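Engineer: Below is the structure I would like to discuss, written out as structure tokens.
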Amino acid sequence: MKEIILVGTYHFEQHEELVKNKINEIKELVGYLAKFNPSIVALEWKKTQNDW
């Protein structure tokens, strides 16, 4: 059986000051994801930022 973790959050680019205040929480989340050791990670970004 395959496991899926779906993580939702606000768009960081819209809240620069909030990101500065939440950096430790962001690092903690990244640590949890690293322990899960996913084989695939999907991200959302604007199509205009897509280089391929």
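Taken together, the values in this text are just the output of simple stated rules run on the coordinates, not laboratory data. Only a predicted model underlies this, so the values are computations on that prediction, with no experimental measurement involved. Heads up, the Cβs are rebuilt from the backbone with ideal geometry, glycines too, and the neighbour counts pull from every protein chain shown.
Engineer: With label points built 7 Å along Cα→Cβ from the Cα atoms of residue 24 and residue 39, find their separation and express it in nm.
Structural biologist: 3.7
Engineer: First select every other residue whose beta carbon is under 12 angstrom from the beta carbon of residue 40; then total the charges, Lys and Arg +1, Asp and Glu -1.
Structural biologist: Summing Lys and Arg as +1 and Asp and Glu as -1 gives 0.
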